[in-house]
Structures are given as structure tokens and as C-alpha cells.
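Single-structure report; data block below.
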Amino acid sequence: MKTLIVYSSLTGNTKLVAEAIHEVFGPEAGLFPVETAPSPTDYDFVAVGFWVDKGTADKKAQEFLKTIEGKPVALFATLGAYPDSEHAADSLKNAAAFLDASNQLVGTFICQGKIDPRLIEQFKKMPGDHPHAVTPERLARYAEAAKHPDAGDLQAARAVFTDIKIKLLQAAGEK
Ligand SMILES: Cc1cc2nc3c(=O)[nH]c(=O)nc-3n(C[C@H](O)[C@H](O)[C@H](O)COP(=O)(O)O)c2cc1C
């Protein structure tokens with residue numbers, strides 16, 4: 001099964017998850033930053049990773065997602081919000097909407113990733129009525145995000161993608 005793993009990562013969080021997923025598929029799988037990703041045409045399975053930007057895939061990942069046709073696709077992502085939040089689920093859903101209907105979404109993984117401290121500094125300057133104004137809850141979430149992705153997240157990503165790999169190989173064998 002020719003596998004392509006493409007990730008978009010500004011500060012390295014999503015890259016770490018991509019590398020963990022790459023371990024599942026082995027050295028023969030392609031692992032590329034989105035900036036140098038090949039065309040997905042020649043691959044049997046495509047995994048695309050992105051950092052959540054305003055509740056959806058970041059722009060570079062969006063553009064790559066639009067190029068995929070007729071493939072099983074899995075999405076993985078990192079974000080500042082909690083992974084079990086509605087925002088996380090919506091971000092995955094919004095990203096999946098960039099996929100052509102000829103693809104099949106076969107799985108997703110999302111975990112927290114440390115937020116760029118410069119962004120937090122900007123939030124701290126915002127007036128109290130601004131949607132990004134800091135509150136004790138938000139500061140606690142940023143502090144939690146700062147610990148991720150951790151070893152548990154990377155292990156969870158490997159587990160999700162091991163499952164996906166087994167299912168895809170079974171499906172290929174049944175053909
Ligand atoms: C400009 C910008 C916008 C962001 N928007 C969101 C967002 O809408 N929701 C969220 O949960 N996290 C958001 N984040 C946090 C990032 O998604 C998170 O830190 C991610 O792990 C960064 O991944 P990377 O290290 O691979 O670039 C944003 C970060 C930046 C810099």
C-alpha cells in the first residue's frame with residue numbers, strides 16, 4: 001500500500017504527530033511537509049496533517065486537500081483547544097469539507113499543540129470583551145496545550161493509524 005503522509009506545521013507540533021504516524025507505515029511511506037509534497041495521484045492512501053487555524057485546516061493544508069481525488073484519506077491535526085471539544089470536532093469537519101466527494105475519509109486524529117507564545121501575548125493585550133481576551137480558564141488551557149503533543153498523544157496517533165492501516169490492508173485483500 002503506497003502511503004503518502006503530508007503535514008502542514010508552523011511551529012513543529014503537527015510535524016511531531018506526522019513523524020509518529022510515519023513510524024506506523026515504515027520508511028517506504030512518503031513523509032513530506034506540505035510545501036514540497038508530491039501529487040497524491042500515485043498513492044493508495046493519503047494522510048494529511050494540519051494545524052487548526054480559525055477553526056479549520058490552515059491555508060496550505062486546505063490547498064493540498066483540494067488536490068486529492070478518489071483516495072482513502074485520513075486527517076490528523078493539532079490545535080490549542082481541547083481535543084474533546086466541539087471546536088476540535090468542528091475543525092476536523094471543516095477540514096474534511098475541502099476533500100472532493102470522490103475521496104473516502106477513513107479516520108481522524110486530533111490532539112492539543114502548544115500555542116505560539118507570541119499569540120498568547122497578543123491575546124493578553126485584548127480588551128475584556130474581545131472573544132480572545134484571556135480568562136483564567138483560557139490561561140489554564142494554554143498551559144495545558146503547552147505540554148502537547150506529549151508521548152501519550154504520539155502513542156494515541158500511532159494507535160489510530162495502526163487501526164486505519166489494518167483496515168485498509170484488509171479491504172485491499174478482499175478485492
Ligand atoms: C494564527 C493562528 C491561529 C490559530 N487558530 C486556532 C484555532 O482556531 N483553534 C485552536 O484550537 N487553535 C488555534 N491555533 C493554535 C494552533 O492550531 C496550535 O498551536 C497548533 O498545535 C500549531 O501547530 P504547529 O506547531 O504544527 O504549527 C492557532 C494558532 C495560530 C498561530
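Of note:
- Antiparallel content of DSSP bridges confined to the range 1-123, in %, to 5: 10 percent
- All-pairs Cα distance distribution in the chain, expressed in whole percent, bin size 10 Å: 10, 39, 33, 13, 4, 1
- GNM top mover of H130, H22, H87 - the chain, alpha-carbon springs below 10 Å: H130
- Candidates R118, R141, R158: whichever shows maximal mean-square fluctuation once the chain is modelled as a Gaussian network with Cα springs under 10 Å: R118
- In this simple spin-label model, placing a label point 7 Å from the Cα along the Cα-to-Cβ direction at both I166 and T135 gives a separation of 4.1 nm.
- Among E86, E69, a tally of other beta-carbon atoms within 10 Å of each Cβ gives an order, fewest to most, of E86, E69.
- Report summary: the helix-based calculation at 222 nm, which adds -39500 (n - 2.57) for every DSSP H run with n ≥ 4 and divides by the residues of the chain, gives -13000 deg cm²/dmol.
- With each label modelled as a point 7 angstrom along the Cα→C-beta vector, the D84-M126 pair spans 2.5 nm.
- Relative contact order of the chain, taken over Cα pairs closer than 8 Å and 6 or more residues apart, is 22 percent.
- If you take the Cα centroid of the range 1-75 and the Cα centroid of the range 115-172, the two points sit 18 Å apart.
- Here the Karplus relation 6.51 cos²θ - 1.76 cosθ + 1.60, evaluated at θ = phi - 60°, turns the backbone of the range 23-28 into coupling constants of 4, 5, 9, x, x, 6 Hz, with x for every Gly and Pro.
- Positive end of the dipole of the chain (Cβ unit charges, origin at the Cα centre): among A133, A96, H22, the Cα lying farthest that way belongs to A133.
Read-outs throughout are calculated quantities, based only on the coordinates presented, and are distinct from any laboratory measurement. As the structure is a prediction and not an experimental result, all values here were calculated from the model. Cβ: placed from backbone, ideal geometry, glycine included. Neighbour counts: every protein chain shown.
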